[in-house]
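Accompanying notes for the structure given below.
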Amino acid sequence: MLRAKPSNISEEDYLQGELTSEVKHELIEGSVFAMTGASANHERICLNISRKFGNHLEGSPYEPFGSDMKVKTGSNYFYPDVIVDCNFDEAQPYYTETPIIIVEVVSKTTRKTDETIKLMSYFNIPSLQEYVLIEQDYVDIQIIRRSDAWLPKHYFLGDQVTFESINLTIPVEAIYYRVHNEDMLEFLS
């Protein structure tokens, strides 16, 4: 994530700018940060989990969204990789304030923000039940749940991951399907 504009910008100006920008930006404490491109492994993980969520939630009031949907928390706006929302406000079609699950696929360049600024911001969302951090360079899924007092739990190859807020259990291997990292290559051989 690179800082694009060091000065304070209003939420209204930020939201208006995002409608016409070719590059996505996050608004953090009044500063705008450009989003960088994603790797193939990052995209594989996002699509795998989005597909599992979407298939499971079909016909339910819960709705998964991908990385083009913003989450508003306080005066900050973030683009998580995947979210699940059950109370989407159609009056605000470009962001939500009511996700129940937020998923971030972690890379070397996003780790600090995902594990600090976003973590603390997301904990302040009353509807949020689970914050999921998925490593792309090795196999490790961390779920931080409100029901567990926001204490993290890790899942590795051979484990089943349960997303309690939507009653879905899937194997770790399904989330990492087609991902090319050392852990997965060793597991498949």
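Computed from the coordinates by the stated procedures, all read-outs in this text should not be read as laboratory data. None of these values were measured; they are calculated from a predicted model. Cβ atoms come from the backbone with ideal geometry, glycine included; neighbour counts cover every protein chain shown.
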Ranked by how many other beta carbons lie within 10 Å on average, peptides 96-103, 110-117 from highest: 96-103, 110-117
Full-extension gain in nm, Asp13 to Met35, via 0.36 nm per residue minus C-alpha separation: 6.2 nm
Karplus 3J(HN,Hα) series, Hz, for region 153-160 with 6.51 cos²θ - 1.76 cosθ + 1.60 (x for Gly, Pro): 10, 9, 10, 10, 3, x, 8, 9
Within straight-line cross-link reach of Lys108, lysines at Cα separation under 18 Å, skipping those fewer than 8 residues along the same chain: Lys118
Relative contact order (%) - the chain, alpha-carbon pairs under 8 angstrom, separation at least six: 16 percent
Extension gain from Tyr94 to Tyr177, taking 0.36 nm per residue of separation minus the Cα-Cα distance: 26.9 nm
Nonlocal amide H pairs with Lys24, under 5 Å, H built at 1.01 Å: Met35
Computed [θ] at 222 nm, helices only, for the chain once each DSSP H run of length n ≥ 4 contributes -39500 (n - 2.57): -7000 deg cm²/dmol
Sequence of His25, His42 once ranked by neighbouring C-beta atoms within 10 Å, starting from the fewest: His42, His25
In degrees, nearest ten, helix 40-57 long axis to first principal axis of the chain (Cα): 80 degrees
Distance in nm between pseudo-label sites at Arg111 and Phe187 (7 Å out along the Cβ direction from Cα): 1.9 nm
Long-range HN-HN contacts of Thr96 with modeled amide H, under 5 Å: Lys70, Val71, Lys72
Region 16-27 - phi-based ³J(HN,Hα) in whole Hz, Karplus 6.51/-1.76/1.60, Gly and Pro as x: 5, x, 5, 5, 10, 6, 7, 10, 6, 10, 9, 9
